[in-house]
Amino acid sequence: QVQLEESGGGLAQAGGSLRLSCAASGRTFSTSALGWFRQAPGKEREFVAAISGNGGTTKLADSVKGRFTISRDNAENTVLLQMNSLKPEDTAVYYCAAAAATALVQNGRINYWGQGTQVTVSS
């Protein structure tokens, strides 16, 4: 069992930065792949980023490559999403997610979801 809670969302201007944090609890945290998804109004939830249990493998959606970075700190039971060069189209509710493997996160086969945090980017 893994429980996830996001924080760090808010309002940013285009070109600015935000950092999202996901605090996790549960005995399987360090072996779980983690990731971030987002859902904009009227759109389906989409994959953003994933990281393996040991942090050695990361995956990013093409739309955020070069702008977003995912990392994790297993000692602190957190996963971070650093978002730079934000665009208005990054506006969405961002969800933290956990699965058994990075590929499963990337394919949306999620075992646990957080409640989500709103990110709004103004032009």
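With a cut-off of at most 16 other beta carbons within 10 Å, and DSSP calling the residue loop, which GluC sites (Glu not before Pro) in the stretch 27-123 qualify? Please list them. Intermediate results must be reported in sequence, preceding the final value.
Working: sites: Glu44, Glu46, Glu76, Glu89; in loops: Glu44, Glu76.
Answer in residue order: Glu44, Glu76.
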Need one number: nm distance between label points at Thr31 and Gln1, each 7 Å from Cα along Cα→Cβ, rounded to one decimal.
1.7
Which of the aspartates and glutamates could be linked to Lys87 by a straight reach, that is with a Cα gap under 18 Å, when you skip same-chain ones fewer than 8 residues away?
Glu46, Asp62
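Quick one: accessible area per residue over the chain, 1.4 Å probe, rounded to a whole number of Å²? Don't skip to the answer; put the middle values down first.
Values: 6230 Å² over 123 residues.
Computed with neighbouring chains in place, this is 51 Å² per residue.
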Identify the chymotrypsin sites (Phe, Trp or Tyr not before Pro) of the stretch 16-123 meeting these criteria: DSSP loop state and at most 10 other C-beta atoms within 10 Å of the C-beta.
none
Computed on Cα atoms, Rg of the stretch 29-90 relative to 2.2 N^0.38 Å comes out at 1.16
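Ignoring everything except DSSP H segments at least 4 long, calculate the 222 nm mean residue ellipticity for the chain; use -39,500 (n - 2.57) per segment, divide by total residues, nearest 500. The partial results should precede the final answer.
On the way: 1 runs with 5 residues, N = 123.
Taking each H run of at least 4 residues, the total per residue is -1000 deg cm²/dmol.
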Evaluated at 20 °C with a viscosity of 1.002 mPa s, what Stokes-Einstein diffusion coefficient in µm²/s does the chain have when Rh comes from the Kirkwood expression over alpha-carbon pairs?
153
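So if a site counts as exposed when it's one of the trypsin sites (Lys or Arg not before Pro), its DSSP state isn't H, G, I, E or B, and it has at most 11 other Cβ atoms within 10 Å, what's the longest stretch of the chain without one?
Numbers: sites that count: Arg27, Lys43, Lys65.
The answer is 66-123.
The values are calculated or read from the model by the stated rules, or taken from the named source; none is laboratory data. What you see is a predicted model, and the numbers here were worked out from it, not measured in a lab. Cβ sites come from the backbone with ideal geometry, for glycine too, and all protein chains shown count toward neighbours. Ligands, DNA and RNA are excluded from the accessible area calculation, which covers all protein heavy atoms including side chains. Shrake-Rupley method; radii C 1.70, N 1.55, O 1.52, S 1.80 Å.
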